[in-house]
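Below is one structure, written out as structure tokens, with a few remarks after it.
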Amino acid sequence: MGVIVQSVCVFCGSSNGKKSSYLDEAREIGKFFAERKIRVVYGGGSNGLMGTVAESALKAGGEVIGVIPETLLQKEVAHQKLTKLHITTGMHERKALMAELSDAFIALPGGLGTMDELFEIWTWSQLGLHRKPIGLLNGSHYYDDLLKFLKHTAEEQFVKTKNLNTLVVADSVEKLWEKINTHFLANQLSGS
């Protein structure tokens, strides 16, 4: 299957995390998209997994668009070598612009900000505000307990199974990307 998605938003931590495998995944995903000429959209920082994704994509010749709110400019230390850096007035504008610039979304390990971004974009999907694919890279098993909890929310009838199933999960970038492209193509064929 050829490239369908041309721009992907990567949500991930502004710290490196405990395991070196988190950094490995961040490097791999940045390079993966750059090699396929797929633009990376992310939070604009130079620290942690965020900075690693950006550096890896740029090093491989990729296009990287950062979106950072004014309030985090100094705290997250904005990346200075991006293809383009958008500075927003706040977090809501940041997330809206990241969504507008992206055809798909992928979450790597991260903290509260990553969870906020993932769940907000997923909620927008549930509400019918978009039908873009949303993926979770779980190669380091970071999200195992979250996935168990999400299954529990469906069992307890707080989340519909059809909405739960809009999140695609895989343990490698290649598998996740294949699932995302399949999802994107299915939505295009259904007229959305």
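The values are calculated or read from the model by the stated rules, or taken from the named source; none is laboratory data. Note that the structure is predicted; figures quoted are calculated from it, not measured. Here Cβ is always computed from backbone atoms with ideal geometry, including for glycine, and neighbour counts include all displayed protein chains. SASA here: full protein model, heavy atoms, side chains in, ligands and nucleic acids out. Shrake-Rupley method; radii C 1.70, N 1.55, O 1.52, S 1.80 Å.
Dividing the Cα radius of gyration of segment 8-70 by its Kirkwood radius returns 0.95 for Rg/Rh. Separation of segment 145-179 and segment 25-46, taken as the distance between their Cα centroids, equals 23 angstrom. With bins 5 Å wide beginning at 0, the percent of Cα pairs of the chain falling in each bin runs 1, 8, 17, 22, 21, 16, 9, 4, 1, 0.
Remark: spin-label model distance A96-E120 equals 1.1 nm, labels positioned 7 Å along the Cα→Cβ axis. Computed over protein heavy atoms with a 1.4 Å probe, the carbon and sulfur contribution to the accessible area of the chain reaches 52%. Between the helical axis of 20-35 and the longest alpha-carbon principal axis of the chain there is an angle of about 90 degrees.
On a per residue basis, segment 111-159 carries 59 Å² of accessible surface, using protein heavy atoms and a 1.4 Å probe.
Between helix 144-155 and the chain there is an angle of about 30 degrees, using the helix long axis and the longest principal axis of the Cα atoms. Across all directions, the average flat footprint of the convex hull enclosing the Cα atoms of segment 1-114 is 6.5 nm². With contributions of -39500 (n - 2.57) from each DSSP H run of at least four residues, the per-residue ellipticity at 222 nm computed over the chain stands at -14000 deg cm²/dmol.
Taking every protein chain into account, the 1.4 Å probe leaves M91 with about 70 Å² of accessible area, to the nearest ten.
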